[in-house]
Structures are given as structure tokens and as C-alpha cells.
1. Near LYS195, within a Cβ-to-Cβ distance under 12 Å, what is the net charge of the other residues, with Lys and Arg +1 and Asp and Glu -1?
2. I need ILE130, ILE213, ILE262 ordered by Cβ neighbour count within 10 Å, fewest first.
3. Work from the charge dipole of region 47-127 (Cβ charges, +1 for Lys and Arg, -1 for Asp and Glu, about the Cα centre) and give the residue of LEU103, THR77, GLN57 farthest towards its positive end.
4. Among ARG137, ARG192, ARG179, rank each residue by its count of other Cβ atoms within 10 Å, from fewest to most, as a rough exposure measure.
5. Which one, VAL253, ALA306, PRO265, is farthest towards the positive end of the dipole of region 233-322 when Lys and Arg carry +1 and Asp and Glu -1 on their Cβ?
6. Could you list, in their original order, any pairs among LYS150/LYS261; LYS49/LYS113; LYS195/LYS273 whose Cα atoms are separated by more than 22 Å?
7. Can you work out the FRET efficiency for the pair THR62 and SER266, with r the C-beta to C-beta distance and R0 = 51 Å, to the nearest 0.05?
8. Using the Cα centre of region 233-322 as the reference point, and only Cβ charges (+1 on K/R, -1 on D/E), how large is the resulting charge dipole? Debye, rounded to the nearest 20.
Amino acid sequence: MWTKITNSKWFYRIISLAFALLLFTYVNYNSLVTNRNTAERQAIAATTKKTLKVPLQLNADTDKYYVTGYPAKVSVTLEGPSSLVSMTVNTQNFEVVADLSKLKVGKHVVKLKASGLNKELTYEISPKEITVNIQTRRTQKFPIQVTYNKNAIADGYITDQPKLSQNTVEVTGATDEIRKIARVVANVPLSRDTKTTSNQEVLLQALDSNGNIVNAVLDPQTIHVTLGIHLPSKTVPLSLSTEKGQSNLAYSVTTSVKTVKITAPSDVLNKIKELTVPIDVSSITSAGSYNQQVSIPLKDNDLDGADPSSVKATIKVATDRSESESENESDSTPTTSSSRSSTSSSSSSDSSSSSSSNE
């Protein structure tokens with residue numbers, strides 16, 4: 001049977017087709033690999049151009065000199081093989097330098113150079129040169145002044161003396177710049193109608209006499225400032241009085257507390273010279289001694305607070321003597337009058353007797 005199959009024309013046709021497919025696949029695979037390798041080689045060999053920003057390095061004696069006028073970063077355009085440009089952009093393993101090592105005090109124009117770049121790369125720096133001002137370096141301590149917008153404080157509120165995490169700052173710069181500094185300030189930003197204490201980290205600024213910022217380095221650059229904002233307070237005499245008492249009773253009230261510290265807006269405090277607290281004694285209907293805890297009325301006096309907030313009062317109650325004496329005098333008048341009438345009759349009788357005797 002196998003012999004019949006192998007001798008069949010279809011068998012050879014199928015074998016021929018299979019070999020043709022294998023040959024086609026082999027040829028096209030090699031061509032595909034060859035094309036891909038060629039493309040990769042072309043990509044590697046192709047040139048490209050990219051621009052990036054890099055920090056500018058100064059080659060100078062910064063312990064002795066202070067340099068101004070240079071940019072923090074410059075633009076560098078790289079050109080060369082694509083892979084090498086991409087790697088350089090990603091790693092940034094090179095630097096742009098301004099060599100000031102041989103320059104003295106004054107203004108100078110300096111050409112910028114790149115170092116650390118692969119020799120297969122070309123580059124262009126923008127700007128190509130810079131103008132720098134080299135001055136003698138100077139460091140000086142300055143006291144810190146706290147400033148804030150007083151109009152931002154709510155009406156009637158006051159501020160305490162600001163508390164700073166430190167009171168002085170070191171300022172470093174060119175000698176000419178340091179001489180311009182009139183003060184170093186910490187300006188505390190406040191919202192409108194501020195009523196609560198401010199705790200903030202505040203940026204320091206060195207200012208000249210016109211309020212312009214001086215080009216210098218401050219150490220530290222920020223400090224913590226606590227600005228107390230609150231209602232004012234004062235201590236005033238305290239007096240107690242009674243109200244709604246019985247007409248036939250006399251009341252006297254005492255307390256060991258002689259003064260009280262009250263808190264309120266300034267306009268309210270200015271009007272209060274003494275704080276009088278009334279005590280309702282309507283519930284006391286008989287003579288005796290009573291103790292009562294009396295709260296300091298805040299709303300009635302437009303106060304925000306009081307210290308102490310309440311006091312212990314002793315109320316002594318007695319029968320009203322003046323009213324009792326008035327009643328007694330009213331009751332004894334007829335008797336007196338009667339007494340006076342009896343005396344008059346007696347005198348008249350005596351007079352008659354005397355007249356009779358004379359006769």
C-alpha cells in the first residue's frame with residue numbers, strides 16, 4: 001500500500017509544495033532579520049539634536065568672593081548619534097562651567113564651556129558668555145524685625161510682642177550689597193479681621209532704606225513667628241448689690257473678692273471703671289445669713305470673659321429697724337397726747353386752789 005502511495009503523482013506534488021513553502025519561509029525570514037538589523041544599525045548611526053537645561057557651575061573662590069549676575073541654568077543643544085544623545089540627555093553626566101579662578105574683583109565677561117561630553121557629540125551653549133560681578137564676600141548678623149498689616153486685625157483686638165524662633169540672621173553677600181541693608185524683616189501674612197493667634201513659618205527678606213530687596217543670602221531663610229492676637233483685658237473693682245428684696249427687710253452683702261479681670265473689646269473696656277453685680281434676693285423672706293455663688297454677668301456688660309467667672313457672696317438679712325421705729329412712734333402718739341392732756345387738767349386745778357386760798 002505504501003508503495004502505491006509513493007508511486008502516486010499526488011504524493012510528489014504534496015512533497016514539492018511542502019519544500020516550496022519551507023524555502024519561501026527561509027528566504028523571507030532571513031530578509032526580515034537582515035532588514036531589522038539594518039534598521040537598527042541605521043538608527044544607531046543616525047544623528048539627532050536635542051536641547052536641555054543644565055545648572056551653571058562656577059569655578060571660583062566662593063569663600064573669598066561673592067559672585068552675582070550669572071544665570072542659575074543655561075541651555076545646551078547636543079547633536080550626534082541618536083543613542084548617544086539620548087543617553088546623555090537622560091544621565092546629564094556633564095556640566096557647563098564658567099571659569100572665574102583667575103579673575104579679580106570687578107565686572108567680567110566670561111565664556112562658558114562644557115566638560116564631560118563624549119567626543120562624538122557636538123554642543124552649543126546659550127548664552128555663550130555671561131557678565132559676572134565679582135565682589136569681596138562679607139557675612140554679617142542682623143536683628144529680625146516682624147511686620148504685619150495692622151488693618152487686618154479685627155476691631156477691638158490687640159497683639160502681643162511677637163515671639164521668634166531666633167532673633168538674628170546671618171546675611172552673606174557682596175560687601176557693597178551688605179552695606180545697603182537697612183533691616184531684615186519677617187512679614188507675617190494675615191487674613192482680614194483676624195481674631196486668633198498666628199503661628200507661621202515666615203520668609204525673611206533683607207531690605208534697603210527704600211524697601212527694596214537686597215541681593216544676598218540669608219541663613220536661615222525662614223523663621224517661625226508666633227503673633228498673639230486677642231481681646232484686651234483689665235482689672236476693675238468689684239461691688240455687689242441686692243435687688244428685688246422685701247420692703248421690711250434690710251440686706252447687706254459682702255465677698256472676699258475685691259477685683260475682677262474682665263476681657264472685652266477696647267471700646268467696651270474704656271467705659272467700665274467698676275463692675276457692679278446685682279444679686280436677686282427675692283427668694284430670701286426672713287432675717288438671717290445666707291451664702292450664694294454669684295456669676296459675673298457677661299452679656300449684660302458686653303464682656304467676652306471674666307476672671308473669676310463667679311464669686312461667693314455672704315448676704316446678711318435683718319428686720320428693717322427704721323420701719324419698725326416708725327410704726328412704734330405711730331402707735332404711741334395717742335398715749336402721749338393723752339398724757340399731755342392729763343397734765344393740763346392738773347395744772348388748772350392747782351391754779352384754782354391757789355386762787356381760793358388767796359381769797
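What follows draws every value from the coordinates through simple rules; no lab data is involved. Given the structure is predicted, the values throughout are model-derived calculations rather than measurements. Note: ideal-geometry Cβ built from the backbone for every residue, glycine included; neighbour counts use all protein chains shown.
1. So the environment of LYS195 carries a net charge of -2.
2. Fewest-to-most Cβ neighbours within 10 Å comes out as ILE213, ILE130, ILE262.
3. Farthest along the dipole direction, towards plus: LEU103.
4. Ordered by Cβ neighbours within 10 Å, fewest first: ARG192, ARG179, ARG137.
5. Positive-end residue among those listed: VAL253.
6. In this structure, LYS150/LYS261; LYS195/LYS273 exceed 22 Å between Cα atoms.
7. Step by step, r from the Cβ atoms, then E = 0.45.
8. Dipole about the Cα centre, nearest 20: 280 debye.
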